[in-house]
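Visitor: One structure, as structure tokens, below. Some questions next.
The values are calculated or read from the model by the stated rules, or taken from the named source; none is laboratory data. This structure is a prediction, so every number in the text was calculated from the model and none was measured. All Cβ positions, glycine included, derive from the backbone under ideal geometry; neighbour counts span all protein chains shown. SASA here: full protein model, heavy atoms, side chains in, ligands and nucleic acids out. Shrake-Rupley method; radii C 1.70, N 1.55, O 1.52, S 1.80 Å.
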Amino acid sequence: MKGLAPLFLGIFGTFAFSWVGLTFIPNWQIGHLNPQMEEDGSDVYPQPQSGMVERGARIYAANGCIYCHSQQVRADYAGADIERKWGDRRSAPRDYIFERPVSLGKMRMGQDLANIGARAPAEQENAPPGGAASPATSPASGAGAPAPSPAPSGANPSPSTNAGSPPAGAPSPKATASPPPGGSPATSPAAPPASPAPSASASPGPNAPPASSTPPAAANASPAASASPAAGAPWPVQTSGQPPMYSAAWQHRHLYSPRSINVDSNMPSYRFLYQTRRITDAPSADALKLTGSEAPPEGWEIVPTYDAKCLVAYLMSLNQSHPLKEVRSAASAASSPPPASLPVQSPAPAK
């Protein structure tokens with residue numbers, strides 16, 4: 001009986017210290033974070049989301065998307081997420097203060113979605129799925145990553161191959177393009193790889209890495225690329241006749257038929273979020289533009305349900321590209337001048 005009190009105190013102290021270390025201190029440090037804003041009250045980040053976005057977050061979690069996708073850009077010491085252009089900075093606790101619960105994810109069978117909303121084109125609804133678009137203004141194929149360029153927000157660094165556009169073998173502007181992981185996502189799987197250092201007089205093939213020494217005239221001389229995705233490509237590539245990558249129409253097409261976007265995708269189809277209905281007066285503006293065997297019978301159309309619209313609204317809202325004061329972004333680190341080195345003094349001559 002004499003040892004019962006110390007035993008009880010030891011067990012109680014173990015649980016008490018664990019609770020303090022794992023619950024109280026973290027909640028005291030980051031549990032009451034407020035949105036970041038300027039002194040005049042402007043530039044508030046993050047902001048509360050709409051009801052559709054909140055409903056879409058519940059649909060996202062209910063359908064198990066967290067088992068294959070993460071929403072956390074890791075720091076440089078923990079991974080190569082910033083190198084993959086999945087974000088310009090690592091994720092921070094302030095990014096999630098309005099999310100309940102936070103869908104950080106369990107693993108990555110697909111790309112990270114923390115900034116998928118930033119990859120959408122600025123005018124995705126105004127761009128026709130099969131219309132012509134220039135490489136500077138259209139979203140393009142890539143490793144699912146945004147590139148800091150004057151093109152629309154979140155545009156990817158590789159070329160677009162929309163139907164009706166010029167030959168798609170030309171790389172996008174060289175000043176901002178960077179090769180994605182695992183090689184450049186080619187739009188023609190049969191094209192031979194280009195040499196690592198193409199000269200200005202040679203025409204780069206579709207697989208050629210972007211190089212600032214290749215003039216646009218030489219790039220335009222390359223043959224037209226195939227409209228099908230590259231075999232074995234790790235991420236989706238822009239294909240002919242598809243909506244601009246990461247636009248709302250592209251997200252619906254991806255949810256309805258993932259393998260029409262990426263032939264190697266193992267993502268399940270969420271066709272139960274869409275309904276097939278007869279066209280009455282005129283086709284709906286929200287109807288999916290499907291071709292081949294997936295196209296509905298004549299006089300019918302496939303439209304997203306309200307849940308599908310909420311899910312896409314949630315995906316389009318995922319954007320952690322806003323700079324935070326407590327996190328140093330890769331863009332600011334690259335733009336900051338290197339520290340001045342001390343002058344090297346030559347040793348005094350021996351006397």
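Visitor: Out of residues 5 or more away from Gln36 or on other chains, whose amide H comes under 5 Å of its own, with H placed 1.01 Å from N in the peptide plane?
Guide: Tyr45
Visitor: For Lys309, give me every one of the aspartates and glutamates with a C-alpha distance below 17 angstrom, ignoring sequence neighbours fewer than eight places off in its own chain.
Guide: By straight Cα distance, Lys309 reaches Glu54, Glu125, Asp286, Glu301.
Visitor: Moving on. If you count, for each residue, the other Cβ atoms within 10 Å and average over each peptide, how do 112-120, 36-44 line up from highest to lowest?
Guide: Going from most to least packed, we get 112-120, 36-44.
Visitor: Can I ask one more? Which sequence of Thr280, Thr14 reflects their accessible areas, 1.4 Å probe, from the largest down?
Guide: Details: Thr280 120, Thr14 85 Å².
Heavy-atom accessible area, descending, gives Thr280, Thr14.
Visitor: Show me, for the stretch 107-120, the HN-Hα J-couplings you get by feeding each phi into the Karplus relation (A = 6.51, B = -1.76, C = 1.60, θ = phi - 60°), rounded to Hz, glycine and proline as x.
Guide: 7, 10, 8, x, 6, 6, 10, 4, 10, 5, x, 6, 8, 6
Visitor: Please report the accessible area of Cys68 (heavy atoms, 1.4 Å probe, ligands and nucleic acids excluded) in Å², nearest 10.
Guide: Probe radius 1.4 Å; accessible area of Cys68 about 50 Å².
Visitor: Here's a follow-up. Which value, in Å² rounded to 10, gives the accessible area of Lys106 with a 1.4 Å probe and all protein chains present?
Guide: 140
Visitor: Another one. If amide hydrogens are placed 1.01 Å from N in the peptide plane, which non-local residues have theirs closer than 5 Å to the one on Trp300?
Guide: Ile279
Visitor: Could you run the Karplus curve 6.51 cos²θ - 1.76 cosθ + 1.60 with θ = phi - 60° over the stretch 270-283 and give me ³J(HN,Hα) per residue in whole Hz, x for Gly and Pro?
Guide: 10, 5, 5, 8, 10, 10, 9, 9, 7, 6, 9, 8, 8, x
Visitor: Report, by chain and number, residues whose modeled amide H sits under 5 Å from the one on Gln238, excluding near sequence neighbours (fewer than 5 apart, same chain).
Guide: Ser141, Gly142
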